[in-house]
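Take a look at the structure set out below.
The values are calculated or read from the model by the stated rules, or taken from the named source; none is laboratory data. Treat the numbers as computed from the prediction; the structure is a model and nothing was measured. Note that we place each Cβ from the backbone using ideal geometry, even for glycine, and neighbour counts take in every protein chain shown. Surface accessibility is based on the protein's heavy atoms, side chains included, excluding ligands, DNA and RNA. Shrake-Rupley method; radii C 1.70, N 1.55, O 1.52, S 1.80 Å.
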Amino acid sequence: MPEATYPPLDVLKPVADGLWIVDSGPLRALGIPLPVRMTVIRLRDGSIWLHSPTRYDPRLHQDIAALGPIRHMVAPNIAHWTFLKEWQTQCPDALTWAAPNLRQRGQVRRSGLRIDRVLDDAPPPEWAADLRQVVVPGGLSFREVAFFHGASRTLILTDLVLNLEPAKMPALVRPLLRLARMTAPDGQPPPYLRLVIRLRRRAAAQAVSELLALKPERVVFAHGLWFMRDGAAHLRRSLRWLGAFG
């Protein structure tokens, strides 16, 4: 069985000054083993911001805390929240920020997950000096909040790009992944998510136009091979299914 993930797992990996990623997984989703990724940023005030926390690991927690106090944990869309509860338990002083509509999900309410703040297009004062953010809408309550770290010119997404490497996937599913256009070098989100986002196509295209205007050098996302350079060009190709932007 090929290794779906990006070892070493559950450890900090530096990307740029003040920005790290943590690779984890695999998660079983869509019938395939998915790698999953968290992004860690040290804000100018010295505090730590966690985007889409992956599974909790005590050693990882210790390593992150050595960078600064963990004060913000972000659930960036209505799907990426399942590991937050344990991080909340271990980081009781951190605020949990969530994408619009996450709080209303029955599964979330039953889980006991605490949501302290709801995100929108305007970055809150806590990180306005470090990050810009844009809400990308879809139908059926889908929202994904994208973030841009200006100091490193890094765009941080979650599921808007899914860029799986076929060699890391089971052989039987590789043809299906290619057919669904979910494979590197310019992978797209799964077909069902493309359909959901197209329900708000005009608004979503406008949001994507705002992201492209930022001209990111890097694009980090939750699943697959992230774009280490030429980020804006890769992003435009990966989101070409949405049609004209702006």
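In the chain, the sites counted are GluC sites (Glu not before Pro) in DSSP loop states with at most 16 other Cβ atoms within 10 Å, and the longest stretch holding none of them, exclusive of the sites, is 4-216.
The residues of the chain have, on average, 44 Å² of accessible surface per residue, using a 1.4 Å probe with all protein chains present.
Once C-alpha pairs closer than 8 Å and six or more residues apart are averaged by separation and normalised to the residue number of the range 3-68, the relative contact order reads 27 percent. Comparing Gly139, Gly187, Gly31 in a Gaussian network model of the chain where C-alpha atoms under 10 Å apart are linked, the largest mean-square fluctuation is found at Gly31.
At a temperature of 10 °C and a viscosity of 1.306 mPa s, determine how fast the range 1-93 diffuses translationally according to Stokes-Einstein, using the Kirkwood radius over alpha-carbon pairs as Rh; express D in µm²/s, rounded to the nearest whole number. Rounded to a whole number, D works out at 116 µm²/s.
The Kirkwood hydrodynamic radius of the chain, based on inverse pair distances between different Cα atoms, is 18.1 Å. Only Lys, Arg, Asp and Glu carry charge here, each on its Cβ (+1 for the first two, -1 for the last two); on that basis the range 186-228 has a dipole of about 260 debye about its Cα centre.
Surface composition of the chain: carbon plus sulfur atoms contribute 53% of the solvent-accessible area (1.4 Å probe, protein chains only, all chains present). Over all pairs of different C-alpha atoms, the range 103-235 has a mean inverse distance whose reciprocal, the Kirkwood radius, equals 16.1 Å.
For the range 141-185 versus the range 27-72, the spacing of their alpha-carbon centroids is 18 Å. Run a plain Debye calculation on the range 137-193 (Cα atoms as equal point scatterers, no solvent) and give log10 I(q)/I(0) at q = 0.22 Å⁻¹, rounded to two decimals, same order as the q list. Evaluating at q = 0.22 Å⁻¹ gives log10 I(q)/I(0) of -0.89. Note on the chain: helix-only mean residue ellipticity at 222 nm, from DSSP H runs of 4+ residues weighted -39500 (n - 2.57) and normalised by residue number, equals -6000 deg cm²/dmol.
In loop segments of the range 124-173 as defined by DSSP, the trypsin sites (Lys or Arg not before Pro) with at most 16 further C-beta atoms inside 10 Å of their C-beta are Arg153.
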